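Structure record follows, encoded as structure tokens.
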Amino acid sequence: MSLIIGYKKGKRGSEVEWEEDVSQEIKQQDLLLIEKHRKREICFNDALLRKGYDVTQVNSGGDGLIQMNGYKPDVIIINAASLRTNGLRICSWYHNRLPDIPVILIVAEDEPIADAESVDVIMHLPFTVQKLVNRLRSFQQTLNEDVLIRGPLQLNQKTRMVSINDKTAYLTPRLTRLLKVFMENSSKALAREELFKRVWETDYTGDTRTLDVHISWLRKVLEENPTNPKLIKTVRGIGYKLDL
């Protein structure tokens, strides 16, 4: 069920209608956070609780293994920087016991770790809580098959609601179809003619200028700076791509 708070209609002629807060049809994630609170270390427990996650926080890898007797989280987060270790041995413990549970490893800025077999995501400090949330979203399970998730993007095809980071908006049916095609082909360059055929459901591609207009509208919804897009990029000589 979606709860709309402070709904405000867009300007006349606009293709979007903005809202301030809408609950998502997304399964609430249960997190195991291995993190030791220290005065000079960045900690995430309180911030994740404020974001609405169910967080079980322990002070060490060993405490986490004890906690997991009969408990299975959706994601394991290991704040190795707060433990003053690189965290790789702890990651191996959990990966060997529960290989199907994603592991996010948070390490210090100067920690020389780029990849590890027992880790799904490695994040080097400093970074914002929102960036961690974006990573968590990639592991979320949807309760509704109409919901698409790609990185920080969430699209409910039924309600035509899109959210990215802290922004939420309603799209027109056409913009919803356009964004769906992009999300189903993330990071792939799509030809203008192909986009036009799939979104407008026509074989006529003699004039695709209306596609450019819709791309412009979509960028106004998704981009921090629509004049310098970072998500929906123009691919010279081909068309566009969603770069996540």
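Tell me, please, whether a residue that is outside any helix (DSSP H, G or I), of a type in the set (A, V, I, L, M, F, W, C) and closer than 21 Å to residue 161 by Cβ can be found in segment 217-232. The answer is yes, given that some residue of segment 217-232 is outside any helix (DSSP H, G or I), of a type in the set (A, V, I, L, M, F, W, C) and closer than 21 Å to residue 161 by Cβ. Taking segment 187-204 as the range and being under 13 Å from residue 233 (Cβ atoms) and in contact with a Gly (Cβ under 8 Å, 6 or more places away or on another chain) as the test, the residues that pass are 189, 190.
Being under 20 Å from the mean Cα position of the chain (by Cα) and either modelled with pLDDT of 90 or more or more than 30 Å from residue 174 (Cβ to Cβ) (or both), is that true of even one residue in segment 90-97? Explain how you work it out, then say what you get.
Taking segment 90-97 first, the residues under 20 Å from the mean Cα position of the chain (by Cα) are none.
Looking through segment 90-97, none of the residues is under 20 Å from the mean Cα position of the chain (by Cα) and either modelled with pLDDT of 90 or more or more than 30 Å from residue 174 (Cβ to Cβ) (or both).
For segment 157-176, residues that are crowded, with 19+ Cβ neighbours inside 10 Å and assigned to a helix (DSSP H, G or I) total 2. In segment 65-102, the residue that is nearest to residue 121 (Cα to Cα) out of those that are touching a Leu at 6+ places or on another chain (Cβ under 6 Å) and of a type outside the set (A, V, I, L, M, F, W, C) is 87.
So if I check each of 182, 196, which one is assigned by TED's automatic domain parsing to the domain that holds residue 161, among the aromatic types (Phe, Trp, Tyr) and over 20 Å from residue 158 (Cα atoms)? Lay out the reasoning, then the answer.
Numbers: 182 fails: over 20 Å from residue 158 (Cα atoms).
Just a single option satisfies the conditions, and that option is 196.
Name the pairs: first residue in segment 201-215 and part of a loop (DSSP other than H, G, I, E, B), second residue among the aromatic types (Phe, Trp, Tyr), Cβ to Cβ under 7 Å, at least 6 apart or on different chains? That search, which allows pairs on different chains as well, returns 205/196; 208/196. Of all residues in segment 53-79, those that are in contact (Cβ under 8 Å) with a residue 40 or more places away in the chain and under 22 Å from residue 135 (Cα atoms) have Cβ atoms under 9 Å from Cβ atoms of residues that are part of a helix (DSSP H, G or I) and of a type in the set (A, V, I, L, M), 6 or more apart or on another chain, in 53/133; 53/136; 74/136; 75/136; 77/48; 77/132; 77/136; 78/90. Just so you know, in segment 137-156 the residues that are in a strand (DSSP E or B) and of a type outside the set (D, E, K, R) include one that is surrounded by the fewest Cβ atoms within 10 Å (Cβ to Cβ), and it is 142. Do we have any residue at all in segment 214-225 that's under 13 Å from residue 192 (Cβ atoms), at pLDDT 95 or above and in the same structural domain as residue 167 (by TED's automatic domain parsing)? Yes, because at least one residue in segment 214-225 is under 13 Å from residue 192 (Cβ atoms), at pLDDT 95 or above and in the same structural domain as residue 167 (by TED's automatic domain parsing). If you go through segment 38-58 and pick out every residue that is at pLDDT 85 or above, among the charged types (D, E, K, R) and not in a strand (DSSP E or B), you end up with 3. Given the condition within 22 Å of the chain's Cα centre (by Cα) and either at pLDDT 90 or above or among the charged types (D, E, K, R) (or both), answer yes or no: does some residue in segment 3-18 qualify? Yes, some residue in segment 3-18 is within 22 Å of the chain's Cα centre (by Cα) and either at pLDDT 90 or above or among the charged types (D, E, K, R) (or both).
Exactly one of these conditions fails for residue 173: (1) free of Cβ contacts under 8 Å to residues at least 24 places away in the same chain; (2) within 14 Å of residue 242 (Cβ to Cβ); (3) not aromatic (Phe, Trp, Tyr). Give me its number. In the conditions (1) free of Cβ contacts under 8 Å to residues at least 24 places away in the same chain; (2) within 14 Å of residue 242 (Cβ to Cβ); (3) not aromatic (Phe, Trp, Tyr), residue 173 misses (2) alone.
The values are calculated or read from the model by the stated rules, or taken from the named source; none is laboratory data. Predicted, not measured: the structure shown is a model, and the values here were computed from it. Quick reminder, even Gly has a Cβ in these numbers, built from the backbone with ideal geometry, and neighbours come from all protein chains shown.
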